[in-house]
Amino acid sequence: MHAAAHHTQPPPAAQGHTDPLYASVRHLLMKACSNTCSTAAQAFAQLVQPTARFQLALDALLPILVSPRSELPQRILVAYILYSLYATHPIAINPFKSVLFDTFTKERNAAVQLSGEGKTSDDEQLVWVLWKVLKGDGDHLGPYPPNTLARESLPPKLRASNLVLDEEKVPFDSSQEGAPQHPTPAHRQDRSKLDRLVFGNDVSPEEVEKTQLLSQGLTLLLAARERVLTLSEQRLLGPVIPQLTSPSVLISLDLPLIIAHNPTIATPLLVSLLTLPPSDISSVYLDVLAQLPPTLPTFDILGRLLHDITPATDSITGGKVTVADIVRMEVLGPFLHQCILWLDHAEREERDGLISDDRFAKGVQNLCRFYSALLKVNVVDPASDADSAEIAHFALRNSRFEEANALYRVLASARF
């Protein structure tokens, strides 16, 4: 699925973190891949106190597991550690099962697609490791170093296309993430034991609830890439978004999918990402915004962000700004330029008979309405060449559309 060149560095969200314990875990992961999986997992358990393991796994381990840019041995080691933390309990109640399963299905499907093209995925071994873990056979991996597992030559019967789990998807219950829809008394007892394992014998109901909410929120955030969340799911996910973005378990390619399916969730998600300290903010998130297509969900989100006064920090000067300032200065211009390029390309395809829908006409109308709305609230200056010259030329070229004609008249009257 991923070229070997992609496995060279940790995900952007993991860079710049200054917490000493976090740094120690990162160092452990880089150095431990030549040791056995069980030895590395024991080292992690000794390094991190029981009460901190869940949160640190959420912050330091999950971004590595889900990022295709992480090194393969580290992804394998992370999968084993997430399993081993709760190995004394059924895999069904492991709080990270949903993420392990999501990664398994995503990497397996990509490997199968490449196989159909006569190619081999670099992550076949990761698919096999996750399959073993999710089958409850993770202990079989303990005696082997991640470096060895990453180089393992798999027989045909263990190739990704042949690895299938009993469940087609992870069931979600708003009261018990990762559990059956009707948990048995024995299952509830297992969950209670797991809560004590995560936090210790003096676990408080508040800490248990926090853990469950984070785990449920993580499941929903990953699901938001593929489907529209229900209102109840959105209400559950909303409050925990800041804790799931510092660092983020998402990669840049996930954001357009979330925006397309769940613009309501995408807005607070982007606000949370853009208000992280500058050392933790990757320009990739701003680049993603600038590359979005001219659709109604895109314009809705950009409009909301351009009015968001949540405090942020300028990545260059260190001064205090707002999310609206960041989006206005770093995203809006490139976004409008990209929209025009997108629509010009759509027009050529329509003229050449390659498309038969109305994406070009709708796109022109939506872009002109969006820009007109920005003019009304003084986000852009109609008399400024930097702000309005390119969109004015675009509106003139497409003045056969009512919205473009009206926009050009407004811009022309402001300039002459």
* To do: Output yes when any residue across the stretch 117-128 is under 16 Å from L72 (Cα atoms), among the aromatic types (F, W, Y) and open to solvent by 50 Å² or more (accessible area, probe 1.4 Å), and no when none is.
  => no
* Condition test on E226, is it under 27 Å from E71 (Cβ atoms), open to solvent by 80 Å² or more (accessible area, probe 1.4 Å) and modelled with pLDDT of 50 or more? -> yes
* Which fully enclosed helices (runs of 4 or more DSSP H) of the stretch 12-128 have 1 or more residues being among the acidic types (D, E)? -> 97-116
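Condition check ((1) more than 17 Å from L72 (Cα to Cα); (2) modelled with pLDDT under 85) across all residues:
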| position | (1), (2) |
| --- | --- |
| V112 | yes, no |
| S115 | yes, yes |
| L130 | no, no |
| P143 | yes, no |
| P146 | no, no |
| A160 | no, yes |
| G178 | yes, yes |
| H182 | yes, yes |
* Asked: Within the stretch 255-277, can you find the residues that are open to solvent by less than 10 Å² (accessible area, probe 1.4 Å) and in contact with a Ser or Thr (Cβ under 6 Å, 6 or more places away or on another chain)?
  -> L273
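Within the stretch 21-60, how many residues are closer than 15 Å to A87 by Cβ and touching a residue at least 12 places away in the same chain (Cβ under 8 Å)? Full working, then the answer.
Just the residues of the stretch 21-60 that are closer than 15 Å to A87 by Cβ, to begin with: 36-42, 44-45, 50, 53-54, 57.
Narrowing further to those that are touching a residue at least 12 places away in the same chain (Cβ under 8 Å): 36-38, 40-41, 44-45, 50, 53-54, 57.
Here the count works out to 11.
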* To do: Taking only the stretch 86-101 into account, find how many residues are under 24 Å from the mean Cα position of the chain (by Cα) and over 17 Å from H140 (Cβ atoms).
  => 8
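Restricting the search to the stretch 69-92, which residues are among the polar types (S, T, N, Q) and open to solvent by 30 Å² or more (accessible area, probe 1.4 Å)? Steps first, please.
Within the stretch 69-92, the first condition is being among the polar types (S, T, N, Q), and the residues that meet it are 70, 74, 84, 88.
Of everything in the stretch 69-92, those that are among the polar types (S, T, N, Q) and open to solvent by 30 Å² or more (accessible area, probe 1.4 Å) turn out to be S84, T88.
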* Which condition breaks for D287 when tested against (1) out of contact with any Leu (no Cβ under 6 Å at 6 or more places or on another chain); (2) outside any helix (DSSP H, G or I)? -> (2)
* **Positions within the stretch 129-151 being in a helix (DSSP H, G or I) and without any contact (Cβ under 8 Å) to a residue 40 or more places away in the chain, in sequence order** => W131, K132, H140, T148, R151
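Does F360 fit the bill of being in contact (Cβ under 8 Å) with a residue 40 or more places away in the chain, in contact with a helix residue (DSSP H, G or I) (Cβ under 9 Å, 6 or more places away or on another chain) and closer than 25 Å to I301 by Cα?
Working: in contact (Cβ under 8 Å) with a residue 40 or more places away in the chain: no; in contact with a helix residue (DSSP H, G or I) (Cβ under 9 Å, 6 or more places away or on another chain): yes; closer than 25 Å to I301 by Cα: yes.
Against the criterion (in contact (Cβ under 8 Å) with a residue 40 or more places away in the chain, in contact with a helix residue (DSSP H, G or I) (Cβ under 9 Å, 6 or more places away or on another chain) and closer than 25 Å to I301 by Cα), F360 does not qualify.
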* **Members of the stretch 1-58 found to be farther than 26 Å from S272 by Cα and either β-branched (V, I, T) or modelled with pLDDT under 80 (or both), listed by number** => M1, H2, A3, A4, A5, H6, H7, T8, T36, T39, V48, P50
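Is one or more of the residues making up the stretch 383-404 within 17 Å of A290 (Cβ to Cβ) and open to solvent by less than 30 Å² (accessible area, probe 1.4 Å)? If you could, list the steps in order and put the result at the bottom.
Of the stretch 383-404, the ones within 17 Å of A290 (Cβ to Cβ) are 386-387, 390-391, 394.
Filter once more, keeping what is open to solvent by less than 30 Å² (accessible area, probe 1.4 Å): 391, 394.
Yes, that holds for at least one residue.
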* Have a look at Q291, Q338 and point out the one that is free of Cβ contacts under 8 Å to residues at least 60 places away in the same chain and open to solvent by less than 80 Å² (accessible area, probe 1.4 Å). => Q338
* Structure fact -> Within the stretch 28-40, restricting to residues that are of a type in the set (A, V, I, L, M) and surrounded by fewer than 22 Cβ atoms within 10 Å (Cβ to Cβ), the one that is farthest from L213 (Cα to Cα) is M30
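Taking T317, is it under 20 Å from P242 (Cα atoms) and open to solvent by 20 Å² or more (accessible area, probe 1.4 Å)?
Details: under 20 Å from P242 (Cα atoms): no; open to solvent by 20 Å² or more (accessible area, probe 1.4 Å): yes.
Answer is no for this residue.
The values are calculated or read from the model by the stated rules, or taken from the named source; none is laboratory data. Values in this document were obtained by computation on a predicted structure and should not be read as measured data. As a convention, Cβ positions derive from the backbone with ideal geometry for all residues, glycine included, and neighbour counts pool all protein chains shown. Calculation scope for accessible area: heavy atoms of the full protein, side chains included, ligands and nucleic acids excluded. Shrake-Rupley method; radii C 1.70, N 1.55, O 1.52, S 1.80 Å.
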